[in-house]
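In what follows, a structure is listed as structure tokens, so that the remarks can point back to it.
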Amino acid sequence: MEKISVIVPCYNEQEALPIFYEEITKVAKQMKKVTFEFLFINDGSKDATLEILRNLSTSDDRVRYVSFSRNFGKEAAMYAGLEQATGDYVVLMDADLQDPPALLPKMYDAIVEEGYDSVATRRVSRVGEPPIRSFFARMFYKIINKISNADIVDGARDYRLMTRQMVDAILSMGEYNRFSKGIFGWVGFQTKWLAYENVERVAGETKWNFWKLFLYSLEGIVAFSTVPLTIASLFGILFCVIAFILIMIIVVRTLLFGDPTSGWPSLACILFLVSGIQLFCMGIIGQYLSKTYLETKKRPIYITKETEQTRKRKGKK
Ligand code: UDP
Ligand code: MG
């Protein structure tokens, strides 16, 4: 029988986890043609998440967990899950039931019967989200699709079922600065999109605020596009052209009308503008440099402190 690995990143999800477990086991019971593995990634939670996972793994053989030494972020948790999953198919799912497990049978059928390599989900509405955030989100998707070849779909969630082949392709991208929404699109393969209405999280709180999302979007751009660097060069060329024209005007004017010394305020303004643009462009270069710096260190994406295996071994001693 084929196996589906369900990967669930968890960060302070003590309220949501029991409800999630109940839901996912219900769905697993319906799907009789496959076996399951539930792989929870405890991303350095400070609440009782780890306790809950320990208990689940002793009461249910299908439950495995990897517990990080600290909070490494959802991207790292997803990577760890993909790396440790043993299933023929792998699905990424949030613990807060915003990714409805009930869609799973439909997703599985699309892969097995319709021959897709992956089935991804996108939410069609942004109900329950501040309008300003929706606006920036839309802008982000528009911009990144123009300037990169990562093919990122508006409203796409990380909720996605994939074949082993696609998982291996994703794992072959060993970059430290991970932006999964881009990576999924970049590796290619046939993806079917399922749309659904936005669901509010069942319990607990979101770990994102506007500022975090904004920085995350910049990371996505730096990770999947070098267009900002081109923009910096274009600024340089544009300003050279403007300077050249200004010089010509001044030379001609001086020859025709003499040299009335005036205009230091405009000079000051130009200085501010030009040095502002210079700093801006240096900032762009700095972004890429800092990412390159982190990449060259080849640090591990996550560090494991405990798994259900290590716990069992300790228990036996
Ligand atoms: N998450 C994580 N590490 C983090 C932040 C979040 O593993 O540092 C997990 C979290 O437990 C949840 C999923 O990522 O299962 C999505 O997080 P959240 O619901 O806060 O994000 P949102 O759905 O609001 O985008
Ligand atoms: Mg959520």
Only listed residue being part of a loop (DSSP other than H, G, I, E, B) and within 19 Å of GLY220 (Cβ to Cβ), chosen from ARG126, ARG201, ARG157: ARG126
Given ALA120, ALA110, ALA169, ALA156, which one is within 13 Å of ligand 1 (Cβ to nearest atom) and closer than 27 Å to GLU83 by Cα? ALA156
Go through the stretch 51-96 and give me each residue that's in a helix (DSSP H, G or I), over 16 Å from the mean Cα position of the chain (by Cα) and more than 13 Å from ligand 1 (Cβ to nearest atom). GLU51, ARG54, ASN55, LEU56, SER57, THR58, SER59, GLU83, GLN84
Reported set for the stretch 154-172 where residues are in contact with a Lys or Arg (Cβ under 8 Å, 6 or more places away or on another chain) and surrounded by 16 or more Cβ atoms within 10 Å (Cβ to Cβ) is GLY155, ALA156, ARG157, ASP158
Go through the stretch 86-131 and count every residue that is surrounded by fewer than 19 Cβ atoms within 10 Å (Cβ to Cβ), within 22 Å of GLN30 (Cβ to Cβ) and in contact with a helix residue (DSSP H, G or I) (Cβ under 7 Å, 6 or more places away or on another chain). 3
Looking only at residues that are among the hydrophobic types (A, V, I, L, M, F, W, C), under 18 Å from ALA85 (Cβ atoms) and surrounded by fewer than 18 Cβ atoms within 10 Å (Cβ to Cβ) in the stretch 28-55, which one is modelled with the highest pLDDT? VAL34
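The values are calculated or read from the model by the stated rules, or taken from the named source; none is laboratory data. Being a predicted model, the structure only gives us computed values, none of them experimental. Virtual Cβ from ideal backbone geometry, glycine too; neighbours counted across all protein chains shown.
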